[in-house]
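Contents: one structure, followed by commentary.
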Amino acid sequence: MMAGEGMTGMGATAQPVLSSPRADDRYPSRFGARGLIKDRHDPVVWGTPEQGPLCDSQLLFYAGNGYLHFDALLAPAEVQSCLEALSQLRADEALKQADEAVIEPGSRELRSLFAVHQSNAALKALCQHPKLVAIAQQLLGSEVYIHQSRINYKGGFRGKEFYWHSDFETWHVEDGVPAMRLLSCSIALTANTPYNGPLMLLPGSHQRYVPCAGVTPQDHYRASLKQQELGVPDDDALARLVQDFGITAPTGLAGSVTFFDCNVMHGSSSNITPLPRSNVFVVYNSLHNTPVAPFCGLPPRPNFIAERRDFTPVALR
Ligand code: 6CS
Ligand code: FE
């Protein structure tokens, strides 16, 4: 093996733009050395039970575990139009050239399509579904806007994994999201089973913060969205978190929904079953947490990955 081979390639040679964290950086990461596991400085639940629709025990569960799963929050019929939209999108060869499309490493399959709440009517309606928005508003204790949306198509046989990560680490470092006041909502369009690469979470890990090694290179997203190697915990940190918190993998049929905190450690394995695992992910951010300049010092990622122009609150219709 040649010297340097097998390293992150882009990341191995990147020089830091900032030599130390900015004064307003409450969660420094990727400043060269690997860091010790830190604590979270933000609340997890920002709203109250009185706001509804979640009751006290659901809020307590989310606060303690960093996620909340609903077996049948939406009817299968409500996600059927999105599944049909997905099969059209997958068949569209031209779409694979679009900036918003991410292709699987080593194949021509669609892996992710970003900003689906802007490009497709059925997916837009799903991202604005009043049941989802009401829960996001309560957990975040404010009005919300959509920071990111995407479809992840994890095809049968060869659908690739998403390595362990905290979304917040990337959204903070690369997008400039200041605080842990945003969340993801994963909506199953096909059954998520124990076998087809479901979302795995370390419940409770959202209370820690794992600064990552390495230095962010320019345009890191082009590599990271295919296969993430930077902005991931080192092996010791991951082993420690799994020892402390264990692993859970909520599963369910089409229409099942998992809300999860921006900082919970999560990932998913590859899918070697013939059964695709397709999910829509929508990220709701509090209107009080809009992005500033990225904390790595580089220009922000494109708007289709991280909204920084349109903070229109999603209305509760
Ligand atoms: O970089 C991002 O924003 C995305 N990447 C991953 C692996 N998860 C969250 C997010 O969609
Ligand atoms: Fe993620």
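The values are calculated or read from the model by the stated rules, or taken from the named source; none is laboratory data. Values in this document were obtained by computation on a predicted structure and should not be read as measured data. FYI the Cβ positions are ideal-geometry reconstructions off the backbone, even for glycines, and counts take in every protein chain you see. Keep in mind that these areas ignore ligands, DNA and RNA; they rest on the heavy atoms of the full protein, side chains included. Shrake-Rupley method; radii C 1.70, N 1.55, O 1.52, S 1.80 Å.
Given their separation in residues at 0.36 nm each and the Cα-Cα distance between them, CYS55 and ILE37 gain 3.3 nm when the chain is fully extended. Under a model in which nothing but the beta-carbon of Lys, Arg (+1) and Asp, Glu (-1) is charged, the stretch 233-317 shows a dipole of about 420 debye around its Cα centre.
Projected label points at ARG108 and ALA293, each 7 Å from Cα along the beta carbon direction, are separated by 4.4 nanometres.
Ligands, DNA and RNA are left out, and with a 1.4 angstrom probe the accessible area of the stretch 48-148 is 45 Å² per residue. Mean sequence separation of contacting Cα pairs (under 8 Å, at least six apart), scaled by the length of the stretch 209-317, corresponds to a relative contact order of 23 percent. Calculated accessible area for the stretch 186-317 comes out at 38 Å² per residue, all protein chains present (probe 1.4 Å; ligands, DNA, RNA ignored).
Taking GluC sites (Glu not before Pro) across the stretch 65-145, the ones in a DSSP loop with at most 13 further Cβ atoms lying within 10 angstrom of their Cβ are GLU93. Site pair LYS131 and ASP99 shows an inter-label distance of 3.5 nm when each label is modelled 7 Å from Cα along Cα→Cβ. Short-range pairs are left out: with C-alpha atoms under 8 Å and at least six residues apart, the relative contact order of the stretch 54-141 is 23 percent. Between ALA239 and SER20, residue separation times 0.36 nm minus the direct Cα-Cα distance comes to 76.1 nm. Were the residues from LEU83 through TYR195 laid out at 0.36 nm apart, the gain over their Cα-Cα distance would be 38.3 nm. Summing charges over neighbours of ASN303, with a neighbour being any other residue whose Cβ is under 9 Å away from its Cβ, gives +1 when K and R count +1 and D and E count -1. Across LEU199, LEU95, LEU36, the residue with the most accessible area heads the list, and the full order at a 1.4 Å probe is LEU36, LEU95, LEU199.
In this Cβ point-charge picture (+1 for Lys and Arg, -1 for Asp and Glu), the stretch 117-276 has a dipole of about 600 debye about its Cα centre.
Surface composition of the chain: carbon plus sulfur atoms hold 56% of the accessible area, using a 1.4 angstrom probe and ignoring ligands, DNA and RNA. Using a/c under 1.5 as the rounded threshold, could you call the stretch 169-317 rounded, prolate or oblate? The axes a ≥ b ≥ c are square roots of the C-alpha gyration tensor eigenvalues, and prolate needs a/b larger than b/c, oblate otherwise. Oblate, since a/c reaches 1.5 and b/c is not below a/b. Here r is the Cβ-Cβ distance between GLN118 and ALA63 and R0 is 45 Å; the resulting FRET efficiency, rounded to 0.05, is 0.90.
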